[in-house]
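For reference, the structure is listed below as structure tokens.
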């Protein structure tokens, strides 16, 4: 399952727009603007839908037109903005939408749906199990309430590919007996709320650091969380410390903070969507980062896209170092025929890198002597189309060469400009773009 985090913040987001505390100022300075927590699974299943969610999907480059299942945890307004059902009704030709949730939440939705709208309601409570659109859905209890006990739930979702996630927002710490329902679940991904940090509140319906740690620890003890589980903290608020400290605190319990717009692949190490573009300067960690995205993938084609380069001992040593750190099960191809491969492959592909591919295509078309770029630009157009239409997970690495000194030669300036155009075109149709800076990934 591919999960797009449409929002990772609490009801008031983070930063709170009315606040100037240290935590909010840090978030604003980083431009880490978190909206109300929601997620989109495989473009077809929506986990919660607050009033910000439709716009968040648009900002993330995703459409909600294919959504056929909406799982609502409860009726608090940051998790349920029923007006979206009205906006949906303004578009003709959409498939039936099944809205699942506690009965009280569904009552809030009914007034927004016309008699002929393709919407179906399914009321559920903790303990229920249903199968919708090839997803197996188990309804779990939440230690949270709107008006009465039981009017808030959590969801355990198994996808068509067998991967499994837990959507656990909002809830306080569970009593011990509730963990029997998730024993040996071995979740691939857990989205667990962490609202209050060290802030002391009277509410038992949300988690701070202590409650979050207790929940993760208990899930580990019963086999719901394993060393391979990606535990993502969501429903984050300014009651938490600034981001760096938050990350350290969560890392100590085997978790990490969620980020708006990120893509998480449940059951795999590729956390960023089907098409991932990684760029950065020399020695910034691009290749290693790209390789780590496929750390758990055994059947992969690694494309050394510049082709073999003979007669250069230093380059040969670099290639050998790259080869030694790749899993033996990966297939390495030294080729510039990347377009053909993307059109035919049935296994994941890592292309390293587009800058050497472009250089080889410039050589092939004799551009350095003729200055005629038409052939190269046709190659680029074909590559971009293949990248867009490729049906498997693909990662491409490239160099960012436009941030330094203007090249002193005409050929250097030509290469810089053409690579910039290529990078922009690939980035434009990638789910995620990562800029590597000093070994650190910045998700764009």
Original post:
Does anyone have the angle between helix 209-221 and the longest principal axis of the chain? Alpha-carbon axes, 0 to 90°, nearest 10?
Top reply: 80
**OP:** Classify the range 275-443 as rounded, prolate or oblate, taking a ≥ b ≥ c as the square roots of the eigenvalues of its Cα gyration tensor: rounded when a/c is under 1.5, otherwise prolate if a/b is larger than b/c and oblate if not.
**Re:** rounded
Subject >> Computed [θ] at 222 nm, helices only, for the chain once each DSSP H run of length n ≥ 4 contributes -39500 (n - 2.57) >> reply: -8500 deg cm²/dmol
Subject >> Tilt relative to the chain, helix 354-364 - C-alpha long axis, 0 to 90 degrees, to 10 >> reply: 30
Original post:
On a 0 to 90 degree scale, rounded to 10, what angle separates helix 374-389 from the longest Cα axis of the chain?
Top reply: 20
Original post:
How large is log10 I(q)/I(0) at q = 0.06, 0.10, 0.11 Å⁻¹ when the Debye formula is applied to the Cα atoms of the chain, each weighted equally and without solvent?
Top reply: -0.29, -0.77, -0.91
Subject >> Fraction of beta bridges assigned by DSSP in the chain that are antiparallel (%, nearest 5) >> reply: 35
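Bear in mind that the values in this text are calculations on the coordinates, not laboratory data. Not measured: the values here are computed from a predicted model.
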